[in-house]
1. Hey, what's the Kirkwood Rh for region 449-519 if you take every pair of different alpha carbons, in angstrom?
2. Which of the residue pairs Lys280/Lys323; Lys145/Lys451; Lys280/Lys321; Lys321/Lys395; Lys278/Lys316 have a Cα-Cα distance greater than 29 Å in the structure shown?
3. What do you get when you divide the Cα radius of gyration of region 336-428 by 2.2 N^0.38 Å, with N the number of residues?
4. So if I average 1/r over every pair of distinct C-alpha atoms in region 105-255 and take the inverse, what Kirkwood radius in Å does that give?
5. What is the Cα centroid distance between region 385-407 and region 412-449, reported in whole angstrom?
6. Please work out whether region 267-343 counts as rounded, prolate or oblate from its C-alpha gyration tensor, where a ≥ b ≥ c are the square roots of the eigenvalues and a/c under 1.5 means rounded, while otherwise a/b larger than b/c means prolate and anything else oblate?
7. Apply 1/(1 + (r/R0)^6) to the Cβ-Cβ distance of Val251 and Asp290, taking R0 = 25 Å, and write down the FRET efficiency to the nearest 0.05.
8. Using amide H atoms built in the peptide plane, which far-off residues or other-chain residues are under 5 Å from Gln585 H to H?
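Just so it is clear, none of the values below were taken in a lab; they were calculated from the coordinates. Everything numeric here is computed off the predicted structure, so don't read it as measured data. Reconstructed Cβ throughout: ideal geometry from the backbone, glycine too, with neighbour counts over all protein chains shown.
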Amino acid sequence: MNIWVTNDIIKWCLCCRRFPWKRTSIPVLASIKDSSLSRNGFTGLWGGRLNQSCLSGTLSTTRFYSYGEKHNEGLKDSNSLATENSLSTDELNKTASEQSQRTSPFLELLRRCSSPSDVLDLTSKYAPTNRQISQCLSRMWFSTKKMSDEQRRYELQLMFEHPEFENLLQRATRSIQYMGNEDVAYSLLSVVSLGVAQHSRVIQTFLRTCQERLNDFDEKALSMLASVLERMKASQNVNALKEGMRLVVEVRLPEIQNVLTLQTMMRLLGRDAPRELKQKLERKALSMSDQFSLPNAQHMTFIMAAVGFHSKPLLKVCSDKIKENLHHIPFNILYNIMQSYKELLYRDTDLLTSISDHVASTFDIWTDKQLVFFLSAFKDLLFCPTSLMEPYTEKVIANPDALTLKHLMSVLATYSSLNYDLRHQRQAFLDSLSHALISYLPKMSELELLKAAYYLCGMNHFPSALLEQLLSSSTLEQLASTSLTKSKERMFQRVDICLRLDRPPLPQPLIVPPSVLGSPTPNPSVNPRLSNSLQRVLADQANATLQEMLVVENFYVIDAVVTKPLPNQPCVTETSSVSPAESSQRIAVIYTPNSSYCFGTSQPRGALTLQIRHLKILGYTPVLVTEELLQSLSEEEMTEKLRGLIFPEDASETQPQVGHVES
């Protein structure tokens with residue numbers, strides 16, 4: 001007979017002698033139907049091999065076995081602690097309370113345990129009560145939470161090797177029917193967090209018990225159960241429990257009074273919940289918004305981002321609470337809030353301005369890394385933090401060598417994207433960045449060279465050392481050998497057109513070879529609404545011509561080009577000495593999505609800034625038609641607005657100008 005089987009039978013016999021009461025069955029154990037539990041052979045109580053291999057790789061034995069169906073019946077009988085006339089629930093609770101009072105020294109010793117092994121050593125000396133078993137499991141988990149990753153792995157390895165771990169899990173499985181609902185939820189959360197295999201009998205027993213008691217769980221127990229289900233992989237029992245929780249939460253939603261409980265339910269059910277339930281959760285959260293503390297507002301923002309739950313009213317409530325308490329929010333949380341807004345595609349001008357002003361007013365308390373992270377987060381939100389970028393510009397000018405290469409690349413990306421107006425500091429700032437960049441040239445990868453040139457060309461700055469190294473044959477060959485992606489080709493195309501149109505004064509002419517440009521020819525598509533409005537505008541303009549979807553320099557797409565005579569210029573004839581180009585004006589009408597502007601402003605950013613600069617060099621007058629303008633006006637209103645932008649001399653002086661001309 002297997003040595004483990006022999007040991008289990010001995011324990012079973014000793015247990016029978018120790019508790020000579022009438023045996024009753026435990027329906028929870030009998031009802032486990034998970035396909036991962038074997039009925040004909042052995043199955044791991046805690047899945048030792050799986051977890052130990054994850055932790056160490058050196059542990060090879062699988063311990064702690066339990067029997068199949070036949071042995072389950074024996075366990076049910078031998079380990080039942082009910083008397084012949086079973087106690088009522090109140091009597092059991094009273095007994096448990098009295099035991100807790102009598103064994104308070106045990107709890108004091110438990111609080112002193114600083115690792116899972118300490119707890120197991122304690123349980124080997126003193127037999128814990130049913131409630132104390134749950135407290136022991138919780139203490140084992142809590143003791144590892146503040147450990148480093150390496151220490152935690154070592155302590156968990158010791159825990160799995162400890163001989164008392166088997167006994168504790170067996171006790172937990174046997175006494176689960178006598179635990180309170182909160183203790184059941186806490187115990188399940190603890191064993192899952194400790195890394196016990198999900199398919200193990202102890203966890204499956206807890207899951208089935210939770211299913212059977214779900215209707216009796218209060219807010220706190222449901223909240224804990226939701227937390228543990230988040231950590232578990234999908235399985236038959238887990239999915240069934242999640243569906244049960246969804247039904248229970250939907251029925252009990254009006255009764256929930258605790259904000260944290262509601263947030264836990266939203267985190268568990270939000271992503272997969274039907275639309276009707278999401279709306280109920282939103283209404284419930286809004287009805288409790290006056291109870292939101294600062295942590296509640298922060299946590300709600302994180303939850304909505306995690307489950308993809310976008311609610312503008314709820315986000316507005318959270319934003320207002322956060323804005324009022326910016327001075328109490330540490331960097332990590334504030335940065336994560338901004339990242340959550342990015343994921344939710346939500347922007348609050350007042351909050352972003354307040355964050356920028358707050359960071360600028362406390363500029364000296366932030367590290368270089370934190371400031372760079374803030375700037376990058378603002379860039380991702382398409383928001384230009386003017387109040388922050390001003391002191392940061394001065395900081396870079398004063399000490400450019402303090403920038404690491406990674407931070408330098410991030411700063412280049414931010415300033416290039418947001419088109420911040422450097423005014424009189426422009427040249428000093430760009431020279432400082434170039435100085436720092438040149439010191440890193442020997443260490444930079446080919447891709448970093450390309451990105452740096454891409455950003456600086458966008459800002460109309462052309463460091464010769466950087467460009468010469470990027471366009472050297474060795475760098476180009478290396479980039480070509482790693483296969484040129486569309487994004488790399490696009491970056492080379494920008495560098496190429498900047499060198500051709502901006503014509504920077506370089507020591508030697510530099511050319512981007514066609515082999516790295518790919519196929520830059522755009523594939524334009526007509527905007528029907530804009531096209532119809534333009535045709536109506538030009539219907540009564542005999543001297544003006546319209547060209548649609550014009551590709552310039554094989555790079556830029558212009559939605560429409562309107563060519564009209566210059567004001568107060570005579571018409572060009574065959575005998576006139578003035579060329580058509582000199583006597584006419586070419587207006588480039590460009591449809592611009594909202595993302596082409598810094599949020600909350602009419603300031604162009606990124607690629608649009610570069611396009612405007614180059615179209616002016618080519619002799620065009622850019623007229624920008626925004627997405628917001630096109631969507632908000634009727635066809636008649638749109639026609640009148642375009643007429644005022646393209647033919648301002650014919651427009652009424654009192655007519656407001658929506659959209660704008662880049663001069």
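1. On the way: mean 1/r = 0.0826 Å⁻¹.
Value: 12.1 Å, from the Cα pair sum.
2. Numbers: Lys280/Lys323 27 Å; Lys145/Lys451 41 Å; Lys280/Lys321 22 Å; Lys321/Lys395 31 Å; Lys278/Lys316 17 Å.
Beyond 29 Å between Cα atoms: Lys145/Lys451; Lys321/Lys395.
3. Numbers: Rg = 12.8 Å, N = 93, 2.2 N^0.38 = 12.3 Å.
Working it through for region 336-428, the quotient is 1.04.
4. For region 105-255, inverting the mean 1/r across all distinct Cα pairs yields 15.9 Å.
5. 10
6. Since a/c reaches 1.5 but b/c is at least a/b, the shape of region 267-343 is classed as oblate.
7. On the way: r = 24 Å, r/R0 = 0.98.
About 0.55, to the nearest 0.05.
8. Answer set, sorted by chain and number: Lys564, Leu566.
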